[in-house]
Amino acid sequence: MIPKTYEVKFFSVGTESKGGDAIFIRFVDDSNEWKVIVIDGGYGESGENIVNYMKNLGLSTIDLMVNTHPDLDHISGLLTIMDSDIQVTTLVYHRPWHDADLNADMFQDNRITDKSVNRRLRENFSKAYELEQKAIAKGCHINAPELGKTYFDCFIILGPTMDLYQQRLLESDKTPTVLDGEQGSTYHKIALKFSRWINRMLPINWIPNEDTSAINDTSIVSLLSLQDMNILFTGDAGKQGLNSALNYLYKISPQTQINLLQLPHHGSRRNIDPQILSRIAAKKYFISCPPKGEEDGHPSKRLVNVIYQLFPDAVVHKNNDGRNFIYHSDDLSIKATPVGRVDSYDEIED
């Protein structure tokens, strides 16, 4: 079933320079009933906003809840929803202590045992473990993200692969290797400086060899197929995760055209590059970013300008002004303040 009547709402998340993702999706199925998908929940306030919005619509059940990865700006609002009287049928997310298949042989420290690995993972991913406990108490089914698993015939999990998930989890700063003194993550925050972009006709130089945090690259990547568009949801996935997801998508469906790309990690340049943008070749882009996110490269001005150089007819939107952003089918009447197109920038970060 390809939904004809739908709404995809990107809630505004965060203040100052801290943002997040909170995505609400509803569509009418073949039985003429509403189905609801929620991808991430932002912070607690965002979760409350989703609950209130659903109640105003007369909806009481989330059929599918997806947590892309366990960062606070993605998972906190889901805990709030679990505490509400909204029912949740199925929760899809990674539980490293349960589905990562890590064992003591993977670690250099011989004090680590199979049991202690899982205990440490539950402690270090405390919010994810809390989500599990709340979901169990609520009677919710919990599924690991299975590559190629399709829900409602229109929503498919594209990544990460188990190998990539396990690799990046072992590299993250939440595994026992790091606790015992071995740093696995390649992510280092940098202070951004900005310079004038003078000649708009010349190609913009890309900054190679930058990477997002390892845990970001464990993000679930998914595709929603609607009657008039395909939307790629990326969480905070990095270049490895995105390329892996695209490899899988184009293997099973080579002719798929992605119309709308949610730029990963709030528009960070660390997570994507011109080659990946060219592989996707979307004409619409959305960035969930906070009011002062540009101070930390959310979004990256360089990235936005590169998109416009690659695709002059592209449209980039962002919701850093506190407004929610909505895509919906023409047969739905939804009142929403329009979110304008992001123009190219006169200066970009070095």
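Okay, here's what the table says:
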| item | result |
| --- | --- |
| Strands (runs of 3 or more DSSP E) contained entirely in the range 1-95, each with at least 3 residues that are open to solvent by less than 50 Å² (accessible area, probe 1.4 Å) and not β-branched (Val, Ile, Thr) | 6-10, 22-28, 61-66 |
| Counted residues, the range 226-241 - those being assigned to a strand (DSSP E or B) and open to solvent by 10 Å² or more (accessible area, probe 1.4 Å) | 1 |
| The range 271-295, residues that are small (Gly, Ala, Ser) and either outside any helix (DSSP H, G or I) or surrounded by fewer than 18 Cβ atoms within 10 Å (Cβ to Cβ) (or both) | Ser278, Ala281, Ala282, Ser288 |
| Selected residue (criterion: farthest from the chain's Cα centre (by Cα)) from residues of the range 145-161 that are open to solvent by less than 50 Å² (accessible area, probe 1.4 Å) and under 16 Å from His69 (Cα atoms) | Thr161 |
| Any hit, the range 314-327, residues being part of a loop (DSSP other than H, G, I, E, B), among the charged types (D, E, K, R) and open to solvent by 50 Å² or more (accessible area, probe 1.4 Å) | yes |
| Residues located in the range 124-143, provided they are aliphatic (A, V, I, L, M) and open to solvent by 50 Å² or more (accessible area, probe 1.4 Å) | Ile136, Ala137 |
| Candidates Asp101, Asp21, Asp30, Asp63, filtered to the one that is of a type in the set (D, E, K, R) and farther than 20 Å from His328 by Cα | Asp101 |
| Those residues of the range 246-262 which are in a loop (DSSP other than H, G, I, E, B), under 17 Å from the mean Cα position of the chain (by Cα) and more than 23 Å from Ile326 (Cα to Cα), in sequence order | none |
| Any hit, the range 139-152, residues being in contact with a strand residue (DSSP E or B) (Cβ under 8 Å, 6 or more places away or on another chain), touching a residue at least 24 places away in the same chain (Cβ under 8 Å), at positive phi and not charged (D, E, K, R) | yes |
| Any hit, the range 245-252, residues being touching a helix residue (DSSP H, G or I) at 6+ places or on another chain (Cβ under 6 Å) and either among the aliphatic types (A, V, I, L, M) or open to solvent by less than 30 Å² (accessible area, probe 1.4 Å) (or both) | yes |
| From Leu164, Leu102, Leu121, residue being part of a helix (DSSP H, G or I), open to solvent by less than 70 Å² (accessible area, probe 1.4 Å) and either modelled with pLDDT under 95 or closer than 30 Å to Asp30 by Cβ (or both) | Leu121 |
| Checklist (1) more than 26 Å from Thr15 (Cα to Cα); (2) open to solvent by less than 30 Å² (accessible area, probe 1.4 Å) applied to Gln309, failing item | (2) |
| Odd one out for His266, checked against (1) open to solvent by less than 30 Å² (accessible area, probe 1.4 Å); (2) over 20 Å from Ser46 (Cα atoms) | (2) |
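Matching residues to (1) over 17 Å from His265 (Cβ atoms); (2) buried (at least 17 other Cβ atoms within 10 Å of the Cβ); (3) at pLDDT 95 or above; (4) in contact with a His (Cβ under 9 Å, 6 or more places away or on another chain):
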site	(1), (2), (3), (4)
Leu169	yes, yes, no, yes
Ser172	no, yes, no, no
Gln183	yes, no, no, no
Thr186	no, no, no, no
Ile190	no, no, no, no
Trp197	yes, no, no, no
Asn243	no, yes, yes, no
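The values are calculated or read from the model by the stated rules, or taken from the named source; none is laboratory data. These numbers were taken from a predicted model, which means no experiment stands behind them. Cβ: placed from backbone, ideal geometry, glycine included. Neighbour counts: every protein chain shown. The area values use the complete protein model at the heavy-atom level, side chains included, leaving out ligands, DNA and RNA. Shrake-Rupley method; radii C 1.70, N 1.55, O 1.52, S 1.80 Å.
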